[in-house]
Amino acid sequence: MKFELDQTLPIPRLQGDSIVLRPCIPDDFEAIKTYRQEPEGSRYIRPPESDEKIRTIVEQHCSPWKLEVERWNGLIISWNGESKAIGEMVFKIEDWDNQRAEIGYRVSTDCAGKGVCTQAVKLITAYLFEQIELHKIVAKCDPRNIASFKIMEKMGMEREGYFKEHYLNGDEWTDQLDYGLLRKDWIARK
């Protein structure tokens, strides 16, 4: 990899066909709060979060990225030419020695089904493989979240695991699908 463990990085701006992934600003709080508290949009991720929890997430998203194991680094998803946050694209270093990161995404229910997350995943995947030079990217979701795992499959990720009652979402034990993509396979698909 090009970087060192615990290195701080400036937050990039990544341009897609119809979206941009941009650094978070404190003024994004209200828009982020809206979609993080949508019951339908939170259904397969985690229960709607409190204002306080969301404020902490926004503060972390606004700070420079740090390549620290288990620290989420985020970008805001906006439509090209607009500033309103419509979602988030995040990643964390899952295992430094094995050059593996986990990605995650969330979009407002108003923007679901419009290719927003597919574009966002494509942009962050290119960044993580080309700029940071990770070996592998993984993503996880509840198997009932069909739209989420379809995005992973569109990106060429392979289903690597199915875990029964693997995490607690509110008061419900839920299953988890794990997907992975190797840098060499992503390069071969380009």
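The values are calculated or read from the model by the stated rules, or taken from the named source; none is laboratory data. Nothing here was measured: the structure is a model prediction, and the numbers come from that model. For neighbour counting, all protein chains shown are included, and Cβ atoms are generated from backbone atoms with ideal geometry for every residue, glycine included. Remember, those area values only see protein heavy atoms, side chains included, never the ligands or the DNA or RNA. Shrake-Rupley method; radii C 1.70, N 1.55, O 1.52, S 1.80 Å.
Here are a few things to note about the model shown:
- For GLN7, the residues whose modelled amide H falls within less than 5 Å of its own, excluding neighbours fewer than 5 places apart on the same chain, are LEU67.
- Accessible surface, the stretch 12-170, averaged per residue in Å² (probe 1.4 Å): 48
- Backbone phi angles across the stretch 22-38, fed through the Karplus curve with coefficients 6.51, -1.76 and 1.60 (θ = phi - 60°), yield HN-Hα couplings of 9, x, 6, 10, x, 5, 6, 3, 4, 5, 5, 4, 4, 7, 6, 9, 6 Hz in residue order; Gly and Pro are listed as x.
- Rg and Dmax of the stretch 25-122, based on Cα coordinates, read 13.5, 39 Å.
- About its Cα centre, the dipole of the chain is roughly 660 debye, where the only charges are +1 on Lys and Arg Cβ and -1 on Asp and Glu Cβ.
- Note: the stretch 7-47, Cα convex hull, 139 Å³ per residue.
- Amide hydrogen proximity for SER108: with H placed 1.01 Å from N in the peptide plane, the residues at 5 or more positions away or on another chain lying under 5 Å are GLY87.
- Remark: the stretch 116-132, residue by residue, has Karplus-estimated 3J(HN,Hα) of 4, 5, 4, 5, 5, 5, 4, 5, 6, 4, 4, 4, 5, 7, 8, 8, 8 Hz, where x stands for each Gly or Pro and the curve is 6.51 cos²θ - 1.76 cosθ + 1.60 at θ = phi - 60°.
- Local electrostatic count at HIS61 - Lys and Arg +1, Asp and Glu -1, tallied over other residues with Cβ under 9 Å: -3
- Interchain or long-range residues, amide H under 5 Å from ILE19's placed H: ASN80
- Computed across the chain, the Kirkwood radius stands at 16.9 Å (inverse of mean 1/r, all Cα pairs).
- Measuring spread by the Cα atoms of the stretch 133-190 yields a radius of gyration and Dmax of 12.8, 42 Å.
- The chain - percent of accessible surface contributed by carbon and sulfur, probe 1.4 Å: 48
- The alpha-carbon of LYS66 sits under 26 angstrom from the alpha-carbons of these lysines, leaving out residues fewer than 8 places away in its chain: LYS2, LYS33, LYS53, LYS84, LYS92, LYS122, LYS136, LYS140, LYS184.
- Note on the stretch 14-63: dipole from Cβ charges, positive end direction compared against ILE19, CYS62, PRO48; the farthest Cα belongs to PRO48.
- Neighbourhood net charge (10 Å Cβ-Cβ; Lys/Arg +1, Asp/Glu -1) for TYR167: -2
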